[in-house]
1. Taking amide hydrogens as modeled 1.01 Å from N in the peptide plane, which residues meet the under 5 Å criterion relative to THR171, leaving out close sequence neighbours?
2. Taking the number of other C-beta atoms within 10 Å as the exposure measure, put THR215, THR59, THR35 in order starting with the fewest.
3. Give me the percent of DSSP beta bridges within the chain that run antiparallel, rounded to the nearest 5.
4. Take the alpha carbon atoms of region 242-269, find their center, do the same for region 172-229, and report the distance between the two centers in whole angstrom.
5. Identify, among LEU189, VAL295, LEU167, the residue whose Cα sits farthest towards the positive end of the charge dipole of the chain, taking +1 on the Cβ of Lys and Arg and -1 on the Cβ of Asp and Glu, with the dipole about the Cα centre.
6. In nm, what is the difference between 0.36 nm times the number of residues separating SER255 and ALA16 and their Cα-Cα distance?
7. Regarding region 197-298, what are the three Cα extents along the principal axes, ordered largest first, in Å?
8. What distance in nm lies between label points placed 7 Å from Cα along the C-beta direction at LEU273 and GLU31?
Amino acid sequence: MLRSLDNAYRLLSSPAAKAFDLSLEPKDSYEKYNTGQFGLGCLLARRLTEVGARFIEVTTEYIPFKNWDTHDNGHTRLVDLKGAIDAPIAQLVIDLERRGLLDRTLIVLASEFSRDMMVEGRPEQLVKNQVDQPDVIAELKYYGMHRHFTDAGCVLLFGGGAKRGHLHGRTADERPCKTIENRVVIEDLHATIFHALGISPKHGYEIERRPFYVTKDGLGKPILDLLMWREQVECFAGLGFRCIAPDMRGYGGSSVPTDLSAYALQESTQDMLELLAGFGTERAIWVGHDWGSPVVWSLAAHHADRCIGVVNLNVPYLKDGFALPNLIPLGGSNRLSRGRVPVRPVGLSGLLRARV
């Protein structure tokens, strides 16, 4: 109790306490957030992030059958509900990015479950209706998603290592609109969030001789498809891989030659081979993204003996598109086709077995 009181006093008497005073916010910025309690909560979240707060929660306030607990008039109520959250969430993301804080701040926008007009629970496990719904809808108040639907839902992630513009999973086009592709369970979502924060999903505490893990039984697995490559490198390293993410010439801390010929594809390819030799390793799984993809395709074409497998993102193999006159055509076509790659294809399960 005394420690809690002391912590409260230190906070209120510190310069960081000014973050709570929204009257200090410039008027035009304040108005962008001022859609109500939730909007101003997003403004306060941004101000607290700026002074170093590590965990912040903003809610729309749960009141049974009120706010987002839509059991009637859902069609009309959602107009106002969405208007209260759209602008402040967007402004929070914009402001954090402008201040250089978005990359180290993970924003998670989530609810408990989805909604449906017809199904309470899920198709194979229905539960008691929360409200009565007529067989024939004739009044406006009955229009809307009024039932708890637990077979699908959605979560938005911004910043903190999450991929931008990425859509994961798919729900059915016809009712019941259940998840039919890349289903994510709660413990794996939690594992993904903790992984982005640098915390192992297996982390736990022992309380009264009982283990309490940050994910269910410590078995949550991060969904790597949701994260950018830096977080993926850490995860694969934790699985036992030796992961190397070099800067190519002209990037990061690498050398910046003034002669343009030093950036030729054959030079970058040789850099990768020398790097591999420097670690005393003969073969590797090469992963290329964007400008790195031509280098990896070149390794596959010229140095298949140095490849366990290759993975490329964004840029397909184009035999005439990489300005390397002696690039060996892979399979004799402009694009690769299954079964015509001179490197043994390795699926994800194979990658996990073939640790470098």
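No value in this document is a laboratory result; all are computed from the given coordinates. Bear in mind the structure is a predicted one, so any value in this text is a computation, not a measurement. Counting neighbours? That spans all protein chains shown, and the Cβs are built from the backbone with ideal geometry, glycine included.
1. Residues meeting the criterion, in which the H sits 1.01 Å from N, are ILE180.
2. Ascending number of Cβ neighbours within 10 Å: THR59, THR35, THR215.
3. Roughly 70 percent of the DSSP beta bridges within the chain come out antiparallel.
4. Answer, in whole Å: 37.
5. Result: VAL295, furthest along the dipole toward the positive end.
6. Result for the pair: 81.9 nm of gain on full extension.
7. So the three principal-axis extents are 66, 26, 23 Å.
8. Result for the modelled spin labels: 6.4 nm.
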